[in-house]
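> Let me give you the structure first, and then I'll get to my questions.
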Amino acid sequence: MRLASVRLNGELRIGMVDVGDDSVFVSSSLVATVDDVVRGLIGLDQVFSVGERIALEDADLAAPVSRFNRDLLCTGWNYLDHFYETEGKRSDGKPPEHPNFFTRGPDSVIGPRDDIAWDPELSQRYDYEAELALVIGLDGRSIPEDQASKHVFGVMVANDVSLRDLQFRHGGQWLKGKSIDRTCPLGPWITTLDEIDPSDLEITCRVNGELLQSASTAQLAFSVPRLLAELSQGMTLRAGDVILTGTPSGIGNARDPQIRLGEGDLVETGIAGLGSLVNRVVRSSLL
Ligand code: MG
C-alpha cells in the first residue's frame, strides 16, 4: 500500500494512494494519522470505512509522517561516487569501513510539494541531495541483517537539502547545516515493502528541469539491511523513526562551477516507483 498524509479542511487525514488512477482515498477519520498506522496503534479497517476519493493532483500532501520520536537519522557518503566527488573535503580519503551517521532536526521536514524556505541572509549555499528514506515500523535493537526488512514499515523519497556554509562553519559536522527549518521535503507517500523492493531503483534530482543526479539505489555502499544492523547495534530504533540512506554524486557543491539553489528554483527529487517531490525554492525570513 501507499499511505499519504493529506491536509483537508485544516486537519491531517490518512490517504490511501492509488497510483493506477492517480487518486487518493482520504479517510474521514480524525482519530489517527499515518504516524499511528506506522506505529501499529490503529488498524486500517478502522480508518478507511468512510472517506472520499480525490485526484492526487488536487490533494494537499503533507510529509507522510510528522510525529517524530527524535531527529531524522541520516547516512553520509553512502554512494562511493559521491564519496569521491567530495574528496579533499575530508581528512581521510579511504572509503569508510562502516556507515557514517548523523542527524537532522525534525523542524526541517516539509511536505512533498511544499516550498523550500530559502533565506540568503542565513546561507548562500543551499544544496540538494536526493535520497531513499526508510520508515521504521517495529522497534528493535541490534537487528541482524537478515531480520532488517521486518523492521521497515516502508520507504519514501527525501531531499536532504544542505546549507554547505553552515555545515563547514560549525566544526565540519552536519547537524547545523541540515537542521534549518523547512528544508527537507519527504514523501510523496510511504510505499510498503510488499509493493516494491527498494534495492535497485532509479534515483534522480532535477533542478529547473536539468538532470543533476542520476543513480540506482543498488549503488548504496552499505545496503539497507547493513545500515539497520549497524545503526541499531546497541541502540534501539523505534517505530516512527526515519532513516535517510545517503545521496549519489552530482550535488551542487561538488560541481565546477558549483550549483547553489536560489530563489524560484524548482527542485524535483524522484525514485522510480516511489513518486516524486516537487519543491519550489522560495525566499523566507528565518532570522
Ligand atoms: Mg545526505
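> Please state which of the following conditions Tyr84 fails to meet, knowing it meets all the rest: (1) closer than 13 Å to Ala221 by Cα; (2) open to solvent by 50 Å² or more (accessible area, probe 1.4 Å); (3) part of a loop (DSSP other than H, G, I, E, B).
With respect to (1) closer than 13 Å to Ala221 by Cα; (2) open to solvent by 50 Å² or more (accessible area, probe 1.4 Å); (3) part of a loop (DSSP other than H, G, I, E, B), Tyr84 is out only on (3).
> Picking from Leu186, Leu163, which residue would you name as being within 14 Å of the ligand (Cβ to nearest atom), within 15 Å of the chain's Cα centre (by Cα) and modelled with pLDDT of 95 or more?
Leu186
Residues are listed down the side, and each one gets a yes or a no for (1) in the same structural domain as Met16 (by TED's automatic domain parsing); (2) outside any helix (DSSP H, G or I); (3) away from the ligand (no atom under 12 Å from the Cβ):
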{"position": "Ala133", "(1), (2), (3)": "no, yes, no"}
{"position": "Leu138", "(1), (2), (3)": "no, yes, yes"}
{"position": "Asp146", "(1), (2), (3)": "no, no, yes"}
{"position": "Phe168", "(1), (2), (3)": "no, no, yes"}
{"position": "Gly177", "(1), (2), (3)": "no, no, no"}
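> Could you list, in sequence order, all residues of the stretch 117-126 that are within 15 Å of the ligand (Cβ to nearest atom) and either of a type outside the set (D, E, K, R) or crowded, with 24+ Cβ neighbours inside 10 Å (or both)?
Listed by number, the list holds a single entry, Tyr126.
> Sort through Glu97, Glu121 and tell me the only one that's closer than 21 Å to Gly172 by Cα and either in a strand (DSSP E or B) or in contact (Cβ under 8 Å) with a residue 12 or more places away in the chain (or both).
From the options Glu97, Glu121, the qualifying one is Glu121.
> As an exercise: evaluate Ala55 against (1) open to solvent by less than 10 Å² (accessible area, probe 1.4 Å); (2) touching a strand residue (DSSP E or B) at 6+ places or on another chain (Cβ under 6 Å) and give the number of the one condition it does not meet.
For Ala55, the exception is condition (1).
> I'd like the full set of residues that are open to solvent by 60 Å² or more (accessible area, probe 1.4 Å), over 27 Å from Glu87 (Cβ atoms) and free of Cβ contacts under 8 Å to residues at least 60 places away in the same chain, limited to the stretch 248-282.
Correct list: empty.
> Applying the selection to the stretch 180-202, what residues are open to solvent by less than 30 Å² (accessible area, probe 1.4 Å) and within 23 Å of Tyr128 (Cβ to Cβ)?
Scanning the stretch 180-202 gives Ile180, Thr183, Cys184, Pro185, Leu186, Gly187, Pro188, Trp189, Ile190, Thr191, Pro198, Leu201.
The values are calculated or read from the model by the stated rules, or taken from the named source; none is laboratory data. Quick caveat, the model's predicted, so the values are computed rather than measured. All Cβ positions, glycine included, derive from the backbone under ideal geometry; neighbour counts span all protein chains shown. In case anyone asks, the SASA skips ligands and DNA or RNA and just uses the protein heavy atoms, side chains included. Shrake-Rupley method; radii C 1.70, N 1.55, O 1.52, S 1.80 Å.
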